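Okay, so here's the structure we're looking at.
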Amino acid sequence: MSPAVTRRQALATSAATALGLGAGTAAVQAAPALSAKDRRLVAIAAEIQATDDRLSVLSATHEQAEDLPEWDALIERFTPLEEEMVETPADTLAGVLAKARAAQVQPVANCVNGIADSLTADLVRLFGGGADA
């Protein structure tokens, strides 16, 4: 006779299976492939974050980091990345999350940019909302 299964064990097993965490099932296999647009948005968000990380390193290691030539070059990278992100509509939640992450980066958040508006438009388009919701 097999041991009794508690309610907690049954719920945990059910949740793990639903999340693709069961034996022999990798979560990666269950994840849908990203569209070209979403892949680009994820890449742009990563590039924005890497640029911000480099600015943080410069700030931490130089008293007058803003006077360094590299500082200006890094700051100038944000605008074309932001513009491309604004012009690229998200196809799925992965693209929406990439835009949300990019909008949280401090230099991006401090300037007037269209990422927040683009993100809002994607959310309404993909998940409903607006005046009729």
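The values are calculated or read from the model by the stated rules, or taken from the named source; none is laboratory data. Note that the structure is a prediction, hence the values are computed from the model and not measured. All Cβ positions, even for glycine, are placed from backbone atoms using ideal geometry, and neighbour counts span all protein chains on display.
Brief remarks follow.
- Residues (farther than 14 Å from Pro89 by Cβ, aliphatic (A, V, I, L, M), assigned to a helix (DSSP H, G or I) and out of contact with any helix residue (DSSP H, G or I) (no Cβ under 7 Å at 6 or more places or on another chain)) located in region 33-57: Ala43, Ala46, Ala50, Val57
- Contact map, region 119-133: residues that are more than 21 Å from Gln104 (Cα to Cα) paired with residues that are modelled with pLDDT of 85 or more and surrounded by fewer than 15 Cβ atoms within 10 Å (Cβ to Cβ), Cβ distance under 7 Å, separation 6+ or inter-chain. Pairs shown: Gly130/Val124.
- Unique match (being aliphatic (A, V, I, L, M) and at pLDDT 60 or above) among Ala60, Ala27, Ala12, Ala16: Ala60
- Of the residues making up region 34-86, those that are farther than 19 Å from Val96 by Cα and in contact with a Gly (Cβ under 9 Å, 6 or more places away or on another chain) number 0.
- Residue tally, condition buried (at least 18 other Cβ atoms within 10 Å of the Cβ) and hydroxyl-bearing (Ser, Thr, Tyr), over region 84-107: 1
- When each of Leu74, Leu81, Leu34 is tested for being closer than 15 Å to Ile115 by Cα, modelled with pLDDT of 90 or more, surrounded by 12 or more Cβ atoms within 10 Å (Cβ to Cβ) and not β-branched (Val, Ile, Thr), the lone residue that passes is Leu81.
- Checked against the criterion of being part of a helix (DSSP H, G or I), free of Cβ contacts under 8 Å to residues at least 24 places away in the same chain and under 30 Å from Ala33 (Cβ atoms), the candidates Ala100, Ala60 yield just one match: Ala100.
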